[in-house]
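Before any comments, here is the structure.
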Amino acid sequence: MVDGRGIGPGDGRCVLVVVAHADDATLFLGGTVARWTASGWRVVLVRATDDAYDSVGSDVASTVSANAVELADAAGILGVHQVVELGHRTDALGDASEVALREQIIRQVRTHRPYALVTFDPYSGFGEDNLDHVVVARATDESFWTSQFDLHHPEHIDDGLEPHGCFERWYFGRPVGEVTDVVDIADTLDRKIDAACAHRTMLTNWANQLRLQARTGGWSLPVVDEVLATGDVRPLAEQLVRAGAARTGARHGLAAAEEFRVVRFGGMEALLEQHGRRLA
């Protein structure tokens with residue numbers, strides 16, 4: 001469905017976005033996040049890891065600090081209401097307890113009581129080679145239903161938090177398992193690019209990775225060399241973000257777009273439409 005039904009007036013309702021790394025929300029769905037916030041949705045962004053290794057030519061402590069600051073800058077550009085840090089070591093969630101991570105996410109669901117829960121698609125087709133993404137996807141997906149059980153983590157109830165059921169789940173990925181909703185981001189593409197450019201430390205490291213791969217294959221890439229020589233990530237970030245949004249949009253007759261798999265009412269919308277009644 002072009003321009004998903006979820007992008008209507010937010011009226012202060014919450015969208016909870018759970019990601020692994022600082023730049024995930026910007027690069028995967030920054031245009032949609034900007035549309036949500038512009039429409040009155042309260043977006044809370046949860047980052048699972050500290051991105052301690054995502055830099056080049058720096059040390060761990062400086063990398064953690066820089067990526068946290070740049071995440072806050074990008075979130076501000078997109079209009080994110082709050083950033084929540086879970087603090088796991090980056091690129092190591094494969095060794096972490098998925099159940100413990102799930103408990104942290106359940107707590108966020110019960111705290112912020114979102115209308116929509118947003119994360120990586122755990123059933124993405126192919127191309128997802130980041131284990132942190134996979135673990136966050138599975139833990140968040142399972143938290144959707146376990147956050148509704150009062151016997152799951154009764155300590156939350158003792159803390160004054162109640163079970164909560166999200167009405168929608170939005171999944172993104174590379175690619176999503178099945179595209180159900182497409183969001184037109186032509187009006188928010190520039191904000192997505194600005195937010196991407198805020199992630200200077202991570203994008204500089206990505207440029208270095210591209211240079212290493214290109215050299216192994218016997219290539220040079222001037223746009224990457226320019227980033228590493230000047231520290232200005234905009235030429236690379238703008239080119240790639242615009243091109244990606246245009247490719248996605250072209251599949252749906254739009255100038256720029258982002259794709260999602262959206263599940264509403266636990267996949268039982270027919271039951272709701274046949275027997276449900278709107279609350280006053």
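Read-outs: derived from the displayed coordinates by stated rules, not from any lab. Bear in mind that the values here come from a model prediction, so they are computed numbers and not experimental data. Backbone-built Cβ (ideal geometry, glycine too); neighbour counts: all protein chains shown.
General remarks:
- Placing R0 at 30 angstrom, the Cβ-Cβ distance between Leu279 and Ser39 gives a FRET efficiency of 0.90 after rounding to 0.05.
- Taking θ as phi - 60° and the Karplus parameters 6.51, -1.76 and 1.60, the scalar couplings of the range 267-280 work out to x, 10, 4, 4, 4, 5, 5, 7, 10, x, 10, 5, 6, 5 Hz in sequence order, x denoting glycine and proline.
- The range 216-271: C-alpha pair distances exceeding 18 Å, %: 60 percent
- Taking Arg169, Arg35, Arg211 in turn, the Gaussian network model of the chain (Cα-Cα springs below 10 Å) assigns the largest fluctuation to Arg211.
- Highest to lowest packing among 224-231, 154-161, scored as the average C-beta count within 10 Å: 224-231, 154-161
- Theoretical FRET efficiency, 1/(1+(r/R0)^6), r = Cβ-Cβ of Ala186 and Phe126, R0 22 Å, to 0.05: 0.20
- Calculated [θ] (222 nm, deg cm²/dmol) that DSSP helices of n ≥ 4 give over the chain, each run adding -39,500 (n - 2.57): -14500 deg cm²/dmol
- Local net charge near Gly31, Cβ-Cβ under 10 Å (Lys/Arg +1, Asp/Glu -1): -1
- Here the range 14-266 is treated with +1 on each Lys and Arg Cβ and -1 on each Asp and Glu Cβ, and its dipole about the Cα centre works out to around 600 debye.
- A simple rule links phi to the HN-Hα coupling: the Karplus curve 6.51 cos²θ - 1.76 cosθ + 1.60 with θ = phi - 60°, which for the range 60-67 gives 4, 4, 5, 5, 4, 5, 4, 5 Hz, with x for Gly and Pro.
- Of Thr146, Thr111, Thr216, the residue with the greatest mean-square motion in the GNM of the chain, using alpha carbon springs below 10 Å, is Thr216.
- A simple charge model with +1 on the Cβ of Lys and Arg, -1 on the Cβ of Asp and Glu and nothing else charged puts the dipole of the range 219-280 at about 440 debye relative to its Cα centre.
- Axis of helix 24-38 versus longest Cα principal axis of the chain: the two differ by about 60°, to the nearest ten degrees.
- Dipole orientation for the range 117-173: of the candidates Ser147, Pro163, Ala137, Ala137 has the Cα lying most toward the positive pole (charges on Cβ; Lys, Arg +1; Asp, Glu -1).
- Restricting the calculation to alpha carbons of the chain gives Rg and Dmax of 19.0, 65 angstrom.
- In percent, rounded to a whole number, the relative contact order of the range 14-266 is 24, using alpha-carbon pairs under 8 Å and six or more apart.
- Zero-based 5 Å bins, Cα pair distances in the range 94-213, whole percents: 2, 10, 15, 15, 18, 18, 11, 7, 3, 1, 0
- Inter-label distance for Val179 and Gln209, nm, one decimal - labels placed 7 Å from Cα along Cα-to-Cβ: 2.4 nm
- Relative to one another, the C-alpha centroids of the range 238-257 and the range 168-201 are positioned 10 Å apart.
- In sequence order, calculated HN-Hα J values of the range 229-235 (Karplus, 6.51, -1.76, 1.60; Hz; x Gly/Pro): 7, 9, x, 8, 8, 4, x
- Kirkwood Rh and Cα Rg combined as Rg/Rh, the range 157-203: 1.16
- The simple spin-label model puts a point 7 Å past each Cα toward its Cβ; for His81 and Asp225 those points are separated by 4.8 nm.
- FRET efficiency, 1/(1 + (r/R0)^6) with R0 22 Å, evaluated for Ser97 and Asp159 via beta carbons: 0.60
- Comparing Gly173, Gly165, Gly12 in a Gaussian network model of the chain, where Cα atoms under 10 Å apart are tied by springs, the biggest mean-square fluctuation is seen for Gly12.
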